[in-house]
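Asks: So that we are looking at the same thing, I have put the structure below in structure tokens.
The values are calculated or read from the model by the stated rules, or taken from the named source; none is laboratory data. Nothing here was measured: the structure is a model prediction, and the numbers come from that model. Backbone-built Cβ (ideal geometry, glycine too); neighbour counts: all protein chains shown. Heavy atoms of the whole protein, side chains included, go into the accessibility calculation; ligands, DNA and RNA do not. Shrake-Rupley method; radii C 1.70, N 1.55, O 1.52, S 1.80 Å.
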Amino acid sequence: MKLKSGGELSRHADITNKDAGISSGKIARLHLSVINHQDVRYFSWGIRGEVIEKSFDEKDVFYLDQRKPHRVVNKSFIDRINLVMDVIL
């Protein structure tokens, strides 16, 4: 997945699949940060509505529950590239 420099993905949810999740036999979507910058910010929302903000380094692998609302903002001068993998746990 590519997010251009200065780009933004507004708040959304991707997965509506009932088989998604992190339990055994479920499908989890993992992101491998290939090209990244600390000015690429990831936002998600917790159970109580609190905003969780993160950034990732290149080569980081992370799970984002994409059934829940999330958003990404790239305020860096480079395009962000993530390799996205759906894996069965």
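Asks: Tell me the Rg and the Dmax, in Å, that the Cα atoms of the stretch 46-89 produce.
Replies: When restricted to the Cα atoms of the stretch 46-89, Rg and Dmax are 12.6, 36 Å.
Asks: If you don't mind, another one. If you roll a 1.4 Å probe over the chain with all protein chains in place, what percent of the accessible area is carbon or sulfur?
Replies: Of the solvent-accessible surface of the chain, carbon and sulfur hold 55 percent.
Asks: Lys/Arg Cβ at +1, Asp/Glu Cβ at -1, dipole of the chain taken about the Cα centre: which of GLY49, LEU9, ILE22 is farthest positive-ward?
Replies: Ranked along the dipole, the leading option is GLY49.
Asks: For the chain, give the magnitude of the charge dipole about the Cα centre (Cβ charges: +1 Lys/Arg, -1 Asp/Glu; no others), in debye to the nearest 20. Working shown, then result.
Replies: Working: 15 positive and 12 negative charges, 49 e Å.
The calculated dipole for the chain is roughly 240 debye.
Asks: Another question, if that's okay. Determine which aspartates and glutamates satisfy two conditions relative to LYS75: a Cα distance under 13 Å, and not lying fewer than 8 residues away in the same chain.
Replies: Within the straight-line cut-off, LYS75 pairs with GLU8, ASP39.
Asks: Counting only heavy atoms of the protein chains, get the accessible area per residue of the chain (1.4 Å probe) and round it to a whole Å² value.
Replies: Working: 5720 Å² over 89 residues.
Solvent-accessible surface per residue comes out at 64 Å².
Asks: Here's something else I'd like to know. Of LYS18/LYS59; LYS2/LYS54; LYS4/LYS54, which ones are farther than 23 Å apart at the Cα?
Replies: Working: LYS18/LYS59 29 Å; LYS2/LYS54 18 Å; LYS4/LYS54 18 Å.
Too far apart for the 23 Å limit: LYS18/LYS59.
Asks: Could you give me the radius of gyration and the Dmax of the chain, taking only the C-alpha atoms into account and expressing both in angstrom?
Replies: 13.1, 39
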